[in-house]
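Worksheet: one structure, shown below.
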Amino acid sequence: MGLREDPFKITPDLDYFFPRTQHQELISQLEFALLGGSLAVLSGEVGLGKTLICRKLLEDFAGASNVKTAYLFNPPQHFGYLLADVIQDLSGVRTRRQSPNYHHLVDLLYRVLLVEAEQGRQVVLIVDEAHRLSAHLLEGIRLLTNLETGKRKLLSILLVGQPELEETLRSRELRQLDQRIAVRCRLAPLDREQTAEYVHHRVSRESGIPVIEFNTWAHWWLYHHSRGIPRRINLLASRAMLAAFAHFDARVCAGHVRRAARELRGHG
């Protein structure tokens, strides 16, 4: 097939980032909010590409001299641990993670943020998998939004998680945190046309020319079985390509996709 690697691998690889309209607008909104010292939320179902959005934001900010980032992919379930991880990510300073003295850690973080502000940098904290955080821990994060000078917020925060995060934030005990959210973005699945464009983008990435063709009915069944969720599209398309390759077929057809769907359901 002329493939050097599987174009439908499910790892969040920015080389395969699909710049559709929803993603571009969403990223622009988030970057604007975070550069301004705001609290933002990005939510979406499993497999829609939330972590890939995080990686894209980190890549964009890495090219900016006025931004410093900290990224928690799997945040700890303890506020002291979370503070210690953020401090280490920003400054390289390791602290006693087991310390119950939150005030000491918050003060240390504040001093780190002040140094960054003096250098003209806005600090952005991205917390992935935030739906796993307890209400108590989210309340701790609210306190971090108070870190400021007389002129600016020192820490921008992006909470990223599944829809359960939105439900938690709407609870009465977190109403103060909820009221501070400046931007709320929710990822949606691809529609049928976008699913076809996504597949074409993946198989054309290296040369601009599709290395294998998915016919019209293959695209229809891909959307039918995936419902426009990128992770499911990747799993189905990868197996369908393998089926086409095994039969020496020059393109992927509906039968290959249906077979892939059966295999993923565990029915051979």
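Things to note:
- Ranked order, Glu173, Glu139 - accessible area, probe 1.4 Å, largest first: Glu173, Glu139
- Site pair Thr51 and Ala64 shows an inter-label distance of 2.4 nm when each label is modelled 7 Å from Cα along Cα→Cβ.
- Stretching the chain fully between Tyr102 and Arg152 yields a gain of 15.7 nm (0.36 nm per residue, less the alpha carbon separation).
- Summed side-chain charge close to Ala64 - residues other than Ala64 whose Cβ falls under 11 Å, Lys, Arg +1, Asp, Glu -1: -1
- For the chain, the antiparallel share of DSSP beta bridges with both residues in that region comes to about 5%.
- The separation of region 113-135 from region 36-84, counted between C-alpha centres, amounts to 8 Å.
- Summarised as an ellipsoid, the chain has semi-axes of 41, 19, 16 Å, derived from the eigenvalues of the Cα gyration tensor scaled by 5 and square-rooted, with the largest first.
- Lysine pair count for the chain (Cα-Cα distance under 20 Å; residues 8 or more apart in sequence or on different chains): 5.
- Net +/- balance of residues flanking Ala244 in space, Cβ distance below 14 Å, scoring K and R +1, D and E -1: 0
- Each Lys or Arg adds one and each Asp or Glu takes one away; over the other residues whose Cβ falls under 14 Å from the Cβ of Leu113, this sums to +1.
- Mean separation of Cα contacts under 8 Å (6+ apart) over length of region 1-117, as relative contact order %: 16
- Computed on region 65-159, with alpha-carbon pairs under 8 angstrom and 6+ residues apart, the relative contact order is 35 percent.
- Region 112-204 - percent relative contact order, Cα under 8 Å, separation 6 or more: 29
- Using a probe of 1.4 Å on the protein chains alone, the accessible area found for Thr69 is around 40 Å².
- Extreme residue, positive dipole direction of the chain, given options Thr216, Pro7, Gly255 (C-beta unit charges): Gly255
The values are calculated or read from the model by the stated rules, or taken from the named source; none is laboratory data. This one's a predicted model, so the numbers in the text were calculated from it and none came from an experiment. Positions of Cβ are generated from backbone atoms using ideal geometry, with glycine treated the same way; all protein chains shown enter the neighbour counts. Note: accessible area is taken over every heavy atom of the protein model, side chains too, but ligands, DNA and RNA are not part of it. Shrake-Rupley method; radii C 1.70, N 1.55, O 1.52, S 1.80 Å.
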